[in-house]
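Asks: Supplied in structure tokens, the structure appears directly below.
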Amino acid sequence: MNSILDFLVRQKKLALVFTISIIALGLLSLNNIQRDQFPAVDFEIMSIVTSYPGASPEDVEQNITNVIEDELSDISGIDKFTSTSRAGTSSIVATLSQDVSDLSELKQEIRNAVNRIKSLPEEVVDLPRVTDFKTSRKSILKISLGSDTLSYAQLRDVVDGVAKSVAVLEGVSEVVKQGYLDKEIQIRIDPKKLYQYELSLPQVMDAITQRNQRYTVGSNHHQQHEKTIVVLSKFDAATDVSEVIVKSTFEGLVVRLKDIAAVESGNVEEKSIVRVNGEKGFILQVKKQAQADVITTVDLVKAHMDKTRAKHNNQLDIFYSADLSKYVRNRLDIVTNNGLIGLLLVLVVLGAFLSFKTAFWVAVSLPVSLLGTVALLGVTGETINLVSLAAMILVLGIVVDDSIIVAESIHHYKQTGENKFKSAVHGFKRVIMPVVTTILTTVLAFSSMFLMEGMMGKFIYVIPLVVIFALVLSFLEVSLALPAHLAGVTEKPKQHNWFEYFEDKFEGFLAKVLKIRYWVVVTFSVVLVFSLYFASTQMKFSLFPAVGVDTISARMTMSVGSSLSNTEVKAKQVEALIIQTVGEDLVSVTTDVGKYFDHKAKFTIELLPSSGRDRDSKVILKALKSKAKEIDQVETLKFSVHRP
């Protein structure tokens with residue numbers, strides 16, 4: 001053992017190559033590893049949403065929801081499913097069993113079962129939309145667009161083009177438009193003329209449906225220029241619809257649609273309203289591809305929006321909300337700042353107590369452990385996310401302890417005048433077992449997180465992974481590299497250390513304490529019991545405190561039966577209250593009226609960054625809650641903070 005250690009402490013170049021290689025690999029991985037908000041997690045939940053225009057909740061339940069539920073009930077592997085039937089929409093959420101061995105096969109079976117349904121009403125034009133819930137499908141950025149100079153129709157055309165251009169950007173998988181009303185051809189039939197021409201409404205509907213077709217009738221069977229014959233008779237404009245022949249007789253009577261109805265272009269019925277800073281606007285929800293980097297993708301989208309704003313002569317008011325990249329940036333900044341502060345403290349403190357050369361090599365162990373952990377996360381297919389970064393912050397102080405212990409022990413033997421290589425060997429051997437024991441106990445303590453099941457276990461499994469990676473790299477650094485680094489440092493033994501005076505004083509104090517050790521144990525036990533009692537009775541629990549957040553959410557609920565327009569009127573009052581209360585700290589307020597129910601509205605209040613405003617978000621939240629009572633004729637109006 002001594003011969004191996006003696007060989008290793010003399011390999012200064014090997015130790016230097018090891019240290020530099022780990023740091024270089026970490027830096028390389030840091031530039032290439034995917035950054036995301038959370039680890040890739042499959043929630044094992046699927047939703048089936050079906051649109052049934054104009055139908056009542058009872059009709060939706062009987063003709064859509066029950067039909068789909070009957071089909072799903074025959075599939076094994078579904079733990080439960082819950083359904084909601086409301087006017088015009090059926091929503092079914094299926095929770096999959098965790099005991100299923102192949103989830104992909106089960107999900108495909110659900111899709112196939114939904115596609116097999118042929119008994120849906122004729123009014124259901126679009127197939128049921130089956131969605132798989134995963135963290136990768138979450139929106140990474142919401143873009144609110146409005147304009148003081150463009151009309152609604154002009155703004156809609158602009159938004160349509162913006163959505164298409166954003167969707168083709170690298171890393172973007174989908175752009176969902178909110179507040180966007182599709183165009184439609186509206187036919188208003190005159191009942192008197194129907195009676196005059198002896199027609200019924202189903203006859204008119206059948207005539208329109210049969211005319212609005214595109215179908216293939218075969219080929220021309222030409223020997224040299226064979227072509228497929230396609231009949232194109234789909235409507236392109238309202239004028240085409242008005243010329244549809246509804247009825248004709250042998251006597252020469254021809255009744256066209258324009259003879260019995262008014263045909264014009266319009267917008268689909270408004271089922272929800274999106275407002276941006278007090279004006280009607282649009283929201284684009286940007287979703288990224290599963291393997292795309294959240295920070296890079298958001299930066300690309302924002303750069304594209306800046307070009308779009310300039311292209312339209314700054315006529316567009318563009319605001320961003322629900323930006324997931326800022327949380328990852330913030331956590332990365334915390335890790336970076338904590339690492340730099342840790343390096344500085346190690347250099348100052350160890351430089352004062354030991355030597356600056358020793359302090360330098362101890363400080364190097366921090367980037368070795370952290371950057372090495374980043375490299376290992378990249379190798380194992382993990383990402384840099386809020387959970388893994390939190391684990392790095394947690395392990396930051398643990399990894400430097402091992403280096404300090406080994407460095408101090410080697411420094412102690414050097415001060416005795418012993419040969420520098422022998423000092424490194426003796427100092428390392430003296431503390432290596434306590435260091436290994438500390439690492440093993442920490443690894444075992446965090447490894448218990450691997451046993452956690454359920455949804456929480458899918459998110460936090462990366463914490464013990466990061467801790468283990470960091471501790472293993474820390475052990476390799478202190479055992480293979482640090483002794484060789486310190487053996488190469490020549491230090492003159494000091495006759496006196498300035499800290500000896502304080503050591504002597506503390507030694508005397510400790511001797512007195514040990515004489516009354518039982519009283520000390522009793523005193524601290526009483527303090528512990530009192531602390532637990534105080535924490536359980538006086539301290540409030542808050543999972544997501546309001547300190548430091550930049551987004552506040554609000555939800556307003558009117559009485560059931562409130563129309564969309566009536567809910568919008570109250571939403572305008574809430575917007576005015578928010579703008580008045582938040583004042584200069586407000587970036588934007590986005591209102592979503594009737595997204596799920598006509599009598600409900602949701603508000604997203606985007607604040608200036610905490611570093612750029614005088615009031616804390618907790619103060620603003622308290623002010624909003626105190627003024628919520630000023631809005632009358634609402635059942636509830638609740639404000640809350642929004643954290644990732």
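The values are calculated or read from the model by the stated rules, or taken from the named source; none is laboratory data. What you see is a predicted model, and the numbers here were worked out from it, not measured in a lab. Cβ atoms come from the backbone with ideal geometry, glycine included; neighbour counts cover every protein chain shown. We work out accessible area using only protein heavy atoms, side chains counted, and drop any ligands, DNA or RNA first. Shrake-Rupley method; radii C 1.70, N 1.55, O 1.52, S 1.80 Å.
Asks: Got a number for residues in the range 99-127 being among the hydrophobic types (A, V, I, L, M, F, W, C) and more than 15 Å from residue 65 (Cβ to Cβ)? Spell out how you get there, then give the answer.
Replies: Applying the first criterion (among the hydrophobic types (A, V, I, L, M, F, W, C)) to the range 99-127 yields 100, 103, 106, 110, 113-114, 117, 120, 124-125, 127.
Checking which are more than 15 Å from residue 65 (Cβ to Cβ) leaves us with 100, 103, 106, 110, 125, 127.
Within the range 99-127, residues that are among the hydrophobic types (A, V, I, L, M, F, W, C) and more than 15 Å from residue 65 (Cβ to Cβ) number 6.
Asks: Can we say residue 530 is among the aromatic types (Phe, Trp, Tyr), more than 45 Å from the chain's Cα centre (by Cα) and either modelled with pLDDT of 90 or more or surrounded by fewer than 11 Cβ atoms within 10 Å (Cβ to Cβ) (or both)? Don't jump to the end; show me each part of the working.
Replies: Numbers: among the aromatic types (Phe, Trp, Tyr): yes; more than 45 Å from the chain's Cα centre (by Cα): no; either modelled with pLDDT of 90 or more or surrounded by fewer than 11 Cβ atoms within 10 Å (Cβ to Cβ) (or both): yes.
For residue 530, the condition - among the aromatic types (Phe, Trp, Tyr), more than 45 Å from the chain's Cα centre (by Cα) and either modelled with pLDDT of 90 or more or surrounded by fewer than 11 Cβ atoms within 10 Å (Cβ to Cβ) (or both) - is not met.
Asks: If you take just the strands (runs of 3 or more DSSP E) that sit entirely in the range 219-337, which of them hold at least 3 residues that are free of Cβ contacts under 8 Å to residues at least 40 places away in the same chain?
Replies: Values: elements: 228-232, 245-248, 254-256, 261-267, 273-276, 282-288, 317-321.
Once the strands (runs of 3 or more DSSP E) in the range 219-337 are filtered for at least 3 residues that are free of Cβ contacts under 8 Å to residues at least 40 places away in the same chain, what remains is 228-232.
Asks: Does the range 25-50 hold any residues that are crowded, with 20+ Cβ neighbours inside 10 Å, more than 21 Å from the chain's Cα centre (by Cα) and not in a helix (DSSP H, G or I), and which are they?
Replies: 48, 50
Asks: When you scan the range 489-505, do you find a residue that is open to solvent by less than 40 Å² (accessible area, probe 1.4 Å), touching a helix residue (DSSP H, G or I) at 6+ places or on another chain (Cβ under 8 Å) and not charged (D, E, K, R), even just one?
Replies: Just the residues of the range 489-505 that are open to solvent by less than 40 Å² (accessible area, probe 1.4 Å), to begin with: 489, 491.
Remaining after also requiring touching a helix residue (DSSP H, G or I) at 6+ places or on another chain (Cβ under 8 Å): 489, 491.
So of that shortlist, the ones also not charged (D, E, K, R) come out as 489.
Yes.
Asks: Does residue 81 fit the bill of being under 31 Å from the mean Cα position of the chain (by Cα) and either without any contact (Cβ under 8 Å) to a residue 40 or more places away in the chain or assigned to a helix (DSSP H, G or I) (or both)? Walk me through it before giving the result.
Replies: Numbers: under 31 Å from the mean Cα position of the chain (by Cα): yes; either without any contact (Cβ under 8 Å) to a residue 40 or more places away in the chain or assigned to a helix (DSSP H, G or I) (or both): yes.
Yes: the conditions hold for residue 81.
Asks: Can I ask one more? Filter the range 119-146 down to residues that are charged (D, E, K, R) and surrounded by 17 or more Cβ atoms within 10 Å (Cβ to Cβ) and give me whichever is modelled with the highest pLDDT. Before you say what the answer is, go through the steps one by one.
Replies: The first filter runs over the range 119-146 and keeps only residues charged (D, E, K, R), leaving 122-123, 126, 129, 132, 134, 137-138, 142.
Filter once more, so that each one left must be surrounded by 17 or more Cβ atoms within 10 Å (Cβ to Cβ): 132, 142.
Numbers: 132: 81, 142: 86.
Checked the range 119-146; the qualifying residue modelled with the highest pLDDT is 142.
Asks: Continuing with this model, one more query. Which residue pairs have Cβ atoms closer than 7 Å, lie 6 or more positions apart in sequence or on different chains, and pair a first residue in the range 577-600 that is buried (at least 22 other Cβ atoms within 10 Å of the Cβ) with a second residue that is small (Gly, Ala, Ser) and part of a strand (DSSP E or B)?
Replies: Here the result reads 590/144; 590/321; 591/601; 593/601, each pair linking the range 577-600 to a residue that is small (Gly, Ala, Ser) and part of a strand (DSSP E or B).
Asks: Here is a further query. Suppose we filter the range 85-140 for residues that are more than 30 Å from residue 325 (Cβ to Cβ) and basic (Lys, Arg); how many remain?
Replies: 4
Asks: Here's a follow-up. How do the pairs read when you match residues in the range 105-122 that are in contact (Cβ under 8 Å) with a residue 12 or more places away in the chain with residues anywhere that are part of a helix (DSSP H, G or I) and loosely packed, with under 12 Cβ neighbours inside 10 Å, using Cβ under 6 Å and keeping only pairs 6 or more apart or on different chains?
Replies: none
Asks: Mind telling me which of the residues 223, 178, 196, 213 ends up being among the polar types (S, T, N, Q) and at pLDDT 80 or above? Step through it out loud before you land on a result.
Replies: Details: 223 fails: at pLDDT 80 or above; 178 fails: at pLDDT 80 or above; 213 fails: at pLDDT 80 or above.
The match here is 196.
Asks: Continuing with the same structure: Have a look at 343, 350 and point out the one that is surrounded by fewer than 22 Cβ atoms within 10 Å (Cβ to Cβ), assigned to a helix (DSSP H, G or I) and hydrophobic (A, V, I, L, M, F, W, C). Walk me through it before giving the result.
Replies: Working: 350 fails: surrounded by fewer than 22 Cβ atoms within 10 Å (Cβ to Cβ).
Exactly one residue qualifies, and that residue is 343.
Asks: So, in the range 51-78, of the ones that are assigned to a loop (DSSP other than H, G, I, E, B) and open to solvent by 60 Å² or more (accessible area, probe 1.4 Å), which residue ends up farthest from residue 120 (Cα to Cα)?
Replies: Just the residues of the range 51-78 that are assigned to a loop (DSSP other than H, G, I, E, B), to begin with: 52-56, 73-77.
Okay, now just the ones that are also open to solvent by 60 Å² or more (accessible area, probe 1.4 Å), so 53-54, 73-74, 76.
Values: 53: 13, 54: 15, 73: 17, 74: 18, 76: 23 Å.
Per the stated criteria, the residue is 76.
Asks: Using the structure shown, decide if residue 285 is under 30 Å from residue 594 (Cα atoms), modelled with pLDDT of 80 or more and open to solvent by 20 Å² or more (accessible area, probe 1.4 Å).
Replies: Working: under 30 Å from residue 594 (Cα atoms): yes; modelled with pLDDT of 80 or more: yes; open to solvent by 20 Å² or more (accessible area, probe 1.4 Å): yes.
Yes; evaluated as a whole, the condition is true for this residue.
Asks: Of all residues in the range 290-326, count the ones that are modelled with pLDDT under 85, open to solvent by 40 Å² or more (accessible area, probe 1.4 Å) and either of a type in the set (D, E, K, R) or over 20 Å from residue 179 (Cβ atoms) (or both).
Replies: Qualifying residue count, the range 290-326: 6.
Asks: Please pick out the residue among 126, 182, 206, 148 that is free of Cβ contacts under 8 Å to residues at least 24 places away in the same chain and either acidic (Asp, Glu) or in contact with a Leu (Cβ under 9 Å, 6 or more places away or on another chain) (or both). Don't jump to the end; show me each part of the working.
Replies: On the way: 126 fails: free of Cβ contacts under 8 Å to residues at least 24 places away in the same chain; 182 fails: free of Cβ contacts under 8 Å to residues at least 24 places away in the same chain; 148 fails: free of Cβ contacts under 8 Å to residues at least 24 places away in the same chain.
Result of the check over 126, 182, 206, 148: 206.
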